[in-house]
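Have a look at the structure below, then the notes.
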Amino acid sequence: MDPRSRRSRQALREAVLRCAVDRPIAELTVAAVCRDAGVTRDTFYRHAENPTDLLAAALRDELDAVAHDIDDAATLGSAERTLLAHVRERADVYRGALEPRLAAPIRAVLEDVVATGLAGWLERHPDTGPDGPMAGLPRDIAVAYATGGTVAAIEAWLRSGAHDVEEATRSILAASPQWWLR
């Protein structure tokens with residue numbers, strides 16, 4: 001990507017994050033983002049189809065930076081804490097994306113980060129898995145189930161207006177099957 005295009009992309013992503021603090025994503029317009037970024041509509045549409053997709057891409061950039069810390073976490077609790085700290089830092093943006101559930105592109109970004117993290121955890125800890133009648137549960141099903149529950153729990157946390165990362169981490173881990181935590 002040439003430097004001018006990279007600057008425009010960065011300006012748009014920063015602008016959508018600023019704009020999304022002040023208004024729900026459903027009310028965010030291309031014109032408002034363009035004004036804030038100092039770019040034309042044509043430039044906007046070279047980088048995104050709509051403000052929601054642009055916001056998802058901006059959050060994805062931030063989550064990609066957080067993902068390294070998640071991958072290096074010694075426990076699932078510390079990985080969860082890292083993810084929730086990001087969500088708390090951008091709580092106004094994520095709350096603005098609740099319609100009443102997270103807008104699909106933003107939810108998809110969170111689901112991808114959580115699923116990738118959980119799949120990586122299982123690869124690094126091959127002895128992790130359910131016992132008893134659930135033994136042999138396909139890992140992709142376990143990851144999908146845990147991912148859906150984690151993102152739904154994050155949505156509930158956002159809707160509650162709570163900000164305590166430690167409490168949210170404890171709650172999510174307490175609701176998780178214990179075999180994840182061994």
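Values in this text are rule-based calculations from the coordinates and carry no lab data. Note that this is a predicted model, so its numbers are computed, not measured.
The table that follows gives values for the structure above.
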quantity: Whole-number percent relative contact order across the chain, with pairs defined as alpha carbons under 8 Å at least 6 apart; calculated: 22
quantity: For the chain, calculated [θ]222 nm from helices alone, where every DSSP H run of n ≥ 4 adds -39500 (n - 2.57); calculated: -23000 deg cm²/dmol
quantity: Karplus-derived HN-Hα couplings along region 150-166 (A = 6.51, B = -1.76, C = 1.60, θ = phi - 60°), whole Hz, x at Gly and Pro; calculated: 5, 5, 4, 5, 4, 4, 4, 4, 5, 5, 6, x, 5, 10, 7, 5, 5
quantity: Translational diffusion coefficient (Stokes-Einstein; Kirkwood radius from C-alpha pairs) of the chain at 4 °C, 1.567 mPa s, in µm²/s; calculated: 74
